[in-house]
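What follows draws every value from the coordinates through simple rules; no lab data is involved. It should be emphasised that the depicted structure is a prediction, and the values quoted were computed from it without experimental measurement. Here the Cβ is made from the backbone with ideal geometry for all residues, glycine too, and neighbour counts use every protein chain on show.
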Amino acid sequence: MREGIRAGEVSAFARQAEGQLPVEDLLDILRLILRVEPLDELLQKIVDTISAGFAVKRVSLGVVDESTGLFCPRALHGYPPERALSIKRHAYTLERMKTDLRPEFKIGRSAYYVRAEDQQVNYDDEPDYIMNPELVDTIRGSASDWHELDYIDFVMTDRLGNWIGWIEIDEPTERMVPSKAVVDKIQILSDLAAIAIENANTYDEAVNALTDSQSYLDLIVHDIGNLVSPMMYYLESAGFEETPEQRRKKQVKEATAIGDSIRSLVGNVRKFSEVRASAESTPQQRTNLGPVLRECVSQLRRAFPDREVAVTIECPEDASPVLADDLISELFMNVLSNAVKYTPGHKAEIDITVVDGYSAVTVAISDHGRGIPDSRKPYVFERFANRPDGFEGTGLGLSIVSLLVKRYNGLIAVKDRVAGDCSRGTCFEVSFPKVTGIASDGMYTRTGPPLGRNA
């Protein structure tokens, strides 16, 4: 127990606050946890309850973002709106969390009291949490006095003991250090918040799985249903004796094309499912994009034997490697196949340019096809996106591309090959973070966080 909250050293404010947690507020919190959703409402309810029940003027609650591994403030009480918005833009690494919350600061099972005198590092984010700057240089009068730079953190953990968030007391109403009894009761709310966060994550995973399953089912029912009906019509018509031979051949050819579309649909659904299922289980390795792109071009020519596919590749011999796995070929093949499909005429011209930038390697794939209007560009990566009139397909190809780009922590953009004139072709630009070295576990590491994130 730290000196500031020794047994018997309880302020009048603390004694008053110890029995002020309304039962109805606790029941509301439990109801929200049992409902699982919405998480933000629950987290805000918890910080509001702590403020009202334990005379805390300012309190904040943060949660780990599973996609980045960074801890971000999610709910606050007692801060003006603009200040609260600024605080929510902050993000903290697990390393910083554990550096700040050292074992010697522990005052409870997972509660840490960090006094102004114990803080060795001044962080850029501190001014956002300071509401009384005139008190920063004030000398603490007694061990039970609260200093402007003091804070108490309650670390939230999952069932495996991993840190998943925190509740932070930033300023008690009477500026006195809370008693042990108050700390223990806030600890209970911290434990409830941890349960809620785990439940919410589990709920989201289940909903995503159900959504994906329903999407696959919708795709099968809708697209295969649309394909089977005309195929049966053509096959049945081909069996009539009065049908001329030329017409019969045309109908069989149409039916065969539809069969190929069904096969492609099933293959894309399988690919999409495999990419989602293997997102975390497949290790990524140091990959040079030049050989990958050249092999994809060879596959592209084999996939379109009736078309003249002319491809130019500009790739530096010493282009930096990226982290990827075998599925990166699926990413490029989907983009390249679209370039051929949406180019009218017999010849399809494609230009591939690899640019080795400061922290990323960018691959630009440009075609000379019919292009994509500005009104459709924002939607091309959506699952089951509408195809242009006269073109068959499932609408899954570019959604697979988008999923794989996220898998490799990259970015993708679609633009006109000739700026301002969509009719002269399309350019897809895919950027991947560079590989920097080898981590302590033997795995390769990227230059930084996922592209497009400020971590």
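Taking a point 7 Å from the Cα of Ser142 along the Cα-to-Cβ direction, the residues of region 158-184 with backbone N closer than 16 Å to it are 174-180.
For Ile139, Ile167, Ile197, what ranking results if the residue with the fewest other Cβ atoms within 10 Å of its Cβ goes first?
The fewest-first ordering by Cβ neighbours comes to Ile139, Ile197, Ile167.
Return the subset of Lys253/Lys341; Lys98/Lys406; Lys377/Lys406; Lys45/Lys406 for which the Cα-Cα distance in this structure is over 22 Å, preserving the input order. Correct reply: Lys98/Lys406; Lys45/Lys406.
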